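One structure below.
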Amino acid sequence: MYKEAKMEISRELLDFIQSSPSYFHVIDNFKKMLLEDGFILLRENEKWELTAGGKYFVIRGDSSIIAFKIPMKDFSNFQIVASHGDSCTFKIKTNPEIVGKDHYLSLNTEPYGGVIYSPWLDRPLSVAGRVVVKDGNNLRSHLVNFDRDLLVIPNIAIHMGKEINNGYVYDLQKDMLPLVGLSGSKGVLMEQIAHMVGDVDPEDIVGTDLYLYNRAPGAIMGVNDEFIGSPKLDDLQCAYTSMRAFMAGGNNDSVTMCCVFDSEEIGSWSSQGADSTLLSDVVERISDTMGKDMQQHKMALASSFMISADNAHALHPNRMEKADPTNGPLINKGVVIKHNANLKYITDAMSNAVFSGICAKAMVPVQSYANHSNISGGVTLGNISVSHVSINILDIGLPQLAMHSPFETAGTEDTYYLLKALEEFYNTYIARTDDGFELR
């Protein structure tokens, strides 16, 4: 029974990823989950009317979402989990069709984020994202998903490229262009998109944000079902689990919040990324609408706690020398707390102790991650977020292999561990004391 409970959340995660071919679809699926659970959609360009005990969410740019619950009495802090919904992929450029030798029809693309190139070749791919359609004087956004095997990026035969297995350097403007058809199909892609959004004229499509995605479905793998393999585990394993925990949990003293940001894979530089005013705008409007003045708002922030949840590098079975000798986390051994002296991961001693205490209450194992001192790691959204809203924070994640590949590997048990840890986080009031925090 215990094993089945662990497996169930991973199966649900795979279903969510399968239905979320672009980060716009990720947010739309979260929107549907929240509406079904009775949350109220707020709009940034309208006045907010919030009430004690209310459940709300706001979306910015179709690609970031913040959901929150107001307790039944005056709140004293915010308890926040933040993750990201975007994943490394290829974006289709404007005017994308390339006709080669009057025969082949390819699409012009460019990488989004730190892509691992080679796994994208020789596999069925498709296209999803959003388009903007002109409707009279109005511009309307529509989600699109071809949801079929549509494209392939063909490798060169080894006979013509004998260096392919010796550290080949990909030319992004030549090697990574997907083949979509033959020259007689020029214009058909936009015609099919126009039909998808309601039989509009292709000329009425005045803007596109379209991306490639891997068509391979996720899977439970391993001789004892130890592994979950799927596209987009970074960071939907954390984002989906965070949202599930948020919807299930809560305490009577805190505004609990779940944030899923866009643009993390490209540095969070957008109006809806972690390096924007989105989080600060939302917490300020909550305090203002619930009657707190600026001093009371600052007091609440000083007592608040935030978890940045973004997957971590597991110890690699074939390249163990890439890991730190004492901080290399293992798959299915628990949630990872991430540390970095230069604050690329912003955990400190206090936030480490708070979250370790949460996990102990939830009976969830905890591991630590630090970069090998000769290898620079990536930057996540934690330190970027708190540059706009100063809150006590730490960085966590789940251990995974092949980060930024179109098919990544992680642990089935770890998905369950994070769910339980974050449910405990939301249910526990983290109270500020003179010299630290109390968990109750």
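The values are calculated or read from the model by the stated rules, or taken from the named source; none is laboratory data. Since the structure is predicted, the reported quantities are computational estimates derived from the model, not experimental observations. Positions of Cβ are generated from backbone atoms using ideal geometry, with glycine treated the same way; all protein chains shown enter the neighbour counts. For the accessible areas, the whole protein counts, side chains as well, though only heavy atoms, and no ligand, DNA or RNA atoms are used. Shrake-Rupley method; radii C 1.70, N 1.55, O 1.52, S 1.80 Å.
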*Projected area of the chain, taken from the Cα convex hull and averaged over every viewing direction, in nm²?*
23.4 nm²
*asked:* How tilted is helix 233-248 with respect to the longest principal axis of the chain? Cα atoms for both, answer in degrees (0 to 90, nearest 10).
replied: 40 degrees
*Determine, for each peptide in 237-249, 369-381, the mean count of other beta carbons within 10 angstrom over its residues, then list the peptides with the highest first.*
237-249, 369-381
*For segment 223-237 and segment 28-89, what is the separation of their C-alpha centers, rounded to whole Å?*
26 Å
*asked:* How large is the translational diffusion coefficient of segment 101-175 in µm² per second when you combine the Kirkwood radius over alpha carbon pairs with Stokes-Einstein at 4 °C and 1.567 mPa s?
replied: 83 µm²/s
*Nearby aspartates and glutamates by direct alpha-carbon distance to Lys338 (threshold 13 angstrom, same-chain neighbours under 8 apart not counted)*: Asp310, Asp324, Asp348, Asp395
*asked:* Suppose the chain between Asp435 and Lys162 were pulled fully straight at 0.36 nm per residue; how much longer would it get relative to their current alpha carbon spacing?
replied: 91.9 nm
*Over the chain, give the accessible area per residue in Å² for a 1.4 Å probe, as an integer.*
44 Å²
_Run the simple label-point estimate for Glu203 and Lys174 please: 7 Å along Cα→C-beta, distance reported in nm._
3.8 nm
*Over segment 255-389, what percent of the accessible surface lies on carbon and sulfur atoms, probe 1.4 Å?*
54 percent
*Could you give the nm distance between label points at Ser356 and Asn45, where each point is 7 Å from its Cα heading toward the beta carbon?*
4.9 nm
_segment 359-399 residues near the modelled Asn342 label - backbone nitrogen below 11 Å, point 7 Å along Cα→Cβ_ = 374-379
*Can you tell me how much longer the chain between Ser280 and Tyr104 gets when fully stretched, taken as 0.36 nm per residue apart minus their C-alpha distance, in nm with one decimal?*
58.4 nm
*Treat each spin label as a single point 7 Å out from the Cα along the C-beta direction, and report the Asp147 to Gln18 distance in nm.*
1.2 nm
_Between Arg319 and Lys93, how high is the FRET efficiency from 1/(1 + (r/R0)^6) when r is the Cβ-Cβ distance and R₀ = 30 Å? Nearest 0.05._
0.30
*Arrange the peptides 91-103, 220-232 so that the one whose residues have, on average, the most other Cβ atoms within 10 Å appears first.*
220-232, 91-103
_Mean ellipticity per residue at 222 nm, deg cm²/dmol - from DSSP H runs of n ≥ 4 across the chain, formula -39500 (n - 2.57)_ = -8000 deg cm²/dmol
_To check you understand DSSP bridge types, tell me what percent of the beta bridges within the chain (both residues inside) are antiparallel, rounded to 5._
65 percent
*Do you know the Lys pair count in segment 1-154 for C-alpha distances under 17 Å, with sequence separation 8 or more or different chains?*
7
